[in-house]
Amino acid sequence: MKRVVVGLSGGVDSSVTAYLLKEQGYEVIGLFMKNWHDDSVTISDECPWLEDSNDAMIVADKLGIPFQTVDLSEEYKERIVDYMFNEYERGRTPNPDVLCNREIKFDVFMKIALGLGADYVATGHYCRKGTIEKDGEEVYQLLAGIDGNKDQSYFLCQLSQEQLSKTLFPIGELTKPEVRKIATEADLITADKKDSQGLCFIGKVRLPDFLQQKLKPKEGVIVEVSKEQNFYERNIPVFQSKEEELKFYSEKPVYHLSDGKVVGKHQGAHYFTKGQRKGLHVGGTVEPLFVIDTDVEENVIYTGQGKAHPGLFRRTLFVTDDELHWIREDLALDVDETMQIKARIRYRQPLQNATIYKVVGGAYVDFETPQSAITEGQFVAWYIKDELVGSGVIS
C-alpha cells in the first residue's frame, strides 16, 4: 500500500481527491496548510482558513484518515508575500497562484509529506500526469485537465520533473459536475461548497489594501493617451535578422506626460496593472479607460479608451534565461532553435498559436496575432497539443 499525503484544503476538489485515493486502496493522510493569518486585509469578516480547516477535518474524519494542520505561514510570507511586494514595487504584476504551487505546495509541503514517509503528494488540481519512456528513462508529462472549463495546468507551469514524479492528480480525468456528484454520493460536507476566490490561500483581499501594508500610497496622475498617436503607426524597418525583427515587435512604447492629457489622480502606480479597468475612477469618456502602461519611477498611469486601444497590444514577448523553465527538459531548445507551440499569458485564456525562438540570453514567444495586455511579471506557458511543456516570466 503506497502512502499518499493529500493537501486537504477544505474544498470539494481536495475532498474528492482524498476519497478517490482511499477507494483505490492507497494509505491516505490529510494535511491542511495554514498559510496566512493576517485578517486585517481580508474583505469579509469570516475567517476563511479556520472554516476551511474545520471542513477539512470533518472530511478526514468521515473518510477515516489521519489529519493534521501544518503552519507554513512563515515560508508563505517569505516566498510569496514578500516576492509579491517586491514585484509590484518594480512595476511588475506577479502571479501568486503559480508561485504558491512552485514554492509552497510542491516544495515546502511536499518535503513535509515525504518526511511522513509518503510515496506521493496529491492535490485537487484539474490536470493530468502522463508518463512516457524516452532513451530508457521515465519522463513525466503535465497534461491539461479533461474539463476544459476548469483546466488548471497553467497554475502548475513551474513544476519540475522531480516534483511531477511524486505527484498525483486524481480528479484530472473528471469534470467539476462529476466531482460534485461524487462528493454528494459520498456524503462529504464540502459537496456544495462554493469555489474559493481571491489570492491563493489569502482569500478575498482588496489588493491595494493588501499592498498598502508595505507599499505606501503616493499620489500621481492618470494620463489618457489617444489611439490616434502617431507612434502607434510605426515604420517597419528592413530587418537584418529574425532576432532583430523579434526584438522590434517585443518592444513596448515608452510613454511621456506629453503623449496625452491628465484625466485624473491615483494613489500609487504600483497598485495598478496593464489591462486593468476597475479602480481608475475616471468618468466622462465615450469608452471605458484601460491601463496601457504604468511608470512606477515617475508614478504615472497611462490609459487608453476601449479594449481595442493599440497601446494594449503586442505580438512578441521575451523571457530571460534565468526565468525560463522547461517541465520537459528533454525538449528544451538550444540557441537558434525554434518550436511551434500554443501559448497562453493568463489562466483561462484560450490557447494561441505561437512560435518560440531561443536566442542568446533568453527566448522570444512570437504570437500569430497580437495579444492584449502582455504584462511583465506574469507567466507565459506553452503547450504541444494538450501537454504543458514549459513556461517563463514575461520580462
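The values are calculated or read from the model by the stated rules, or taken from the named source; none is laboratory data. Bear in mind the structure is a predicted one, so any value in this text is a computation, not a measurement. Reconstructed Cβ throughout: ideal geometry from the backbone, glycine too, with neighbour counts over all protein chains shown.
Summary of computed values
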{"quantity": "Close pairs (7 angstrom Cβ cut-off, 6 or more residues apart or separate chains): within 18 Å of Leu312 (Cα to Cα) in region 238-251, among the aliphatic types (A, V, I, L, M) anywhere", "calculated": "Ser250/Leu317"}
{"quantity": "Residue satisfying all of: in region 63-81; aliphatic (A, V, I, L, M) and in a loop (DSSP other than H, G, I, E, B); modelled with the highest pLDDT among these", "calculated": "Ile65"}
{"quantity": "Positions within region 289-319 being under 23 Å from Phe248 (Cβ atoms) and among the basic types (Lys, Arg), in sequence order", "calculated": "Arg314, Arg315"}
{"quantity": "Qualifying positions in region 230-245 - assigned to a helix (DSSP H, G or I) and out of contact with any helix residue (DSSP H, G or I) (no Cβ under 7 Å at 6 or more places or on another chain)", "calculated": "Asn230, Phe231, Lys242, Glu243, Glu244, Glu245"}
{"quantity": "Residues of region 311-333 satisfying the condition of being farther than 23 Å from Val139 by Cβ and part of a strand (DSSP E or B)", "calculated": "Phe313, Arg314, Arg315, Thr316, Leu317, Phe318, Thr320"}
{"quantity": "Residue that is under 25 Å from Ser153 (Cβ atoms), among the acidic types (Asp, Glu) and assigned by TED's automatic domain parsing to the domain that holds Ala118, where the choices are Glu103, Glu74", "calculated": "Glu103"}
{"quantity": "Pairs with Cβ under 7 Å, 6+ apart, first in region 87-111 and closer than 18 Å to Ala373 by Cβ, second surrounded by fewer than 22 Cβ atoms within 10 Å (Cβ to Cβ) and aromatic (Phe, Trp, Tyr)", "calculated": "Pro94/Tyr83"}
{"quantity": "Verdict on Phe367 being of a type outside the set (Val, Ile, Thr), in contact with a Ser or Thr (Cβ under 6 Å, 6 or more places away or on another chain) and more than 27 Å from Asp135 (Cβ to Cβ)", "calculated": "no"}
{"quantity": "Only one of Gly304, Gly311, Gly275 that is among the small types (Gly, Ala, Ser), surrounded by 14 or more Cβ atoms within 10 Å (Cβ to Cβ), under 30 Å from Trp382 (Cα atoms) and within 20 Å of the chain's Cα centre (by Cα)", "calculated": "Gly275"}
{"quantity": "Which listed residue is modelled with pLDDT of 95 or more, surrounded by 19 or more Cβ atoms within 10 Å (Cβ to Cβ) and over 20 Å from Glu89 (Cβ atoms), from Leu333, Leu351, Leu289", "calculated": "Leu289"}
{"quantity": "Residue within region 249-269 that is in contact with a helix residue (DSSP H, G or I) (Cβ under 7 Å, 6 or more places away or on another chain), crowded, with 18+ Cβ neighbours inside 10 Å, modelled with pLDDT under 95 and closer than 21 Å to Glu89 by Cα present", "calculated": "no"}
{"quantity": "Matching residues, region 269-292, being assigned to a loop (DSSP other than H, G, I, E, B), hydrophobic (A, V, I, L, M, F, W, C) and without any contact (Cβ under 8 Å) to a residue 40 or more places away in the chain", "calculated": "Phe272, Val286"}
{"quantity": "Verdict on Tyr383 being within 11 Å of Leu317 (Cβ to Cβ) and either of a type in the set (Ser, Thr, Tyr) or at pLDDT below 95 (or both)", "calculated": "no"}
{"quantity": "Any pair with Cβ under 6 angstrom, 6 or more apart, that starts in region 360-381 at a residue that is outside the structural domain of Gly306 (by TED's automatic domain parsing) and ends at one that is outside any strand (DSSP E or B) and of a type in the set (Phe, Trp, Tyr)", "calculated": "Ala381/Tyr154"}
{"quantity": "Flag for Ala373 being hydrophobic (A, V, I, L, M, F, W, C) and closer than 27 Å to Glu133 by Cα", "calculated": "no"}
{"quantity": "Number of positions in region 7-38 that are touching a helix residue (DSSP H, G or I) at 6+ places or on another chain (Cβ under 6 Å), within 14 Å of Asp61 (Cα to Cα) and β-branched (Val, Ile, Thr)", "calculated": "2"}
{"quantity": "Residues being closer than 14 Å to Glu87 by Cβ and charged (D, E, K, R) - total across region 268-286", "calculated": "1"}
{"quantity": "Filter result (β-branched (Val, Ile, Thr) and buried (at least 18 other Cβ atoms within 10 Å of the Cβ)) within region 314-330", "calculated": "Thr316, Val319, Ile327"}
